[in-house]
Amino acid sequence: MSGLREALAKASAIAGKKLSRFKTARQSEFVQRDIYSALSVLRNHASAGFQNEGEIGAYVTTDYLLEQFSASDSPLQEAYIGALRLLRTGRKNEAAEYFTAAAGVPFARDFILLVLDWDAVPPGKLKKTVAAYQTALKEVRTTELMRKNEVLSDLVYMPVIMGVLVIFANFIYVAYFAEQQSLFSELFF
């Protein structure tokens, strides 16, 4: 049991070292986009499998999906290759951990578990599940964009607000302190 844990820790460490380039926010965004496009591919395959449910050969396998994803030029290509290698050696859980560590985004674990369980779930259910994941990922992306836009708008309006505060401070000084200063000068001089 401890050998399995050590192997899992080693695979995660190797994945983290090889693919540590995904640590920045910009690169994380590219990984999320890649996962979203892979979900679109999964949705298309689920739709095709749902329409041709009775036909032999109409349904794709997990192995084929990972091969297809690893053949593309994507930021997750190495992660797909590593997950495929571990899956072919019968280490499904390690494949999920490897991909999650390599991708470095929160949604990666759910995505790879969906891909790894592709053979066990009927196409009709897969189509709904993939659509739900796409919707969730789109909502996360929308929230992130709104947060970025809020920060940007705060930065843009900061000089305007500072200018208004300076004008108010000047008004208070002129309206109150200037009058008080003239009164004090009359009293003491």
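Bear in mind these aren't lab numbers, they're just calculated from the coordinates by the rules spelled out. Computed from a prediction, not measured in an experiment: that's the story for all the values here. Quick reminder, even Gly has a Cβ in these numbers, built from the backbone with ideal geometry, and neighbours come from all protein chains shown.
Each residue, N44 and T61, gets one label point 7 Å from its Cα in the Cβ direction; the gap between the two is 2.2 nm.
Equivalent ellipsoid of segment 52-189: semi-axes from √(5λ) of the C-alpha gyration tensor, largest first, are 66, 17, 11 Å. Residues L145, L113, ranked from the fewest to the most other C-beta atoms within 10 Å, line up as L145, L113.
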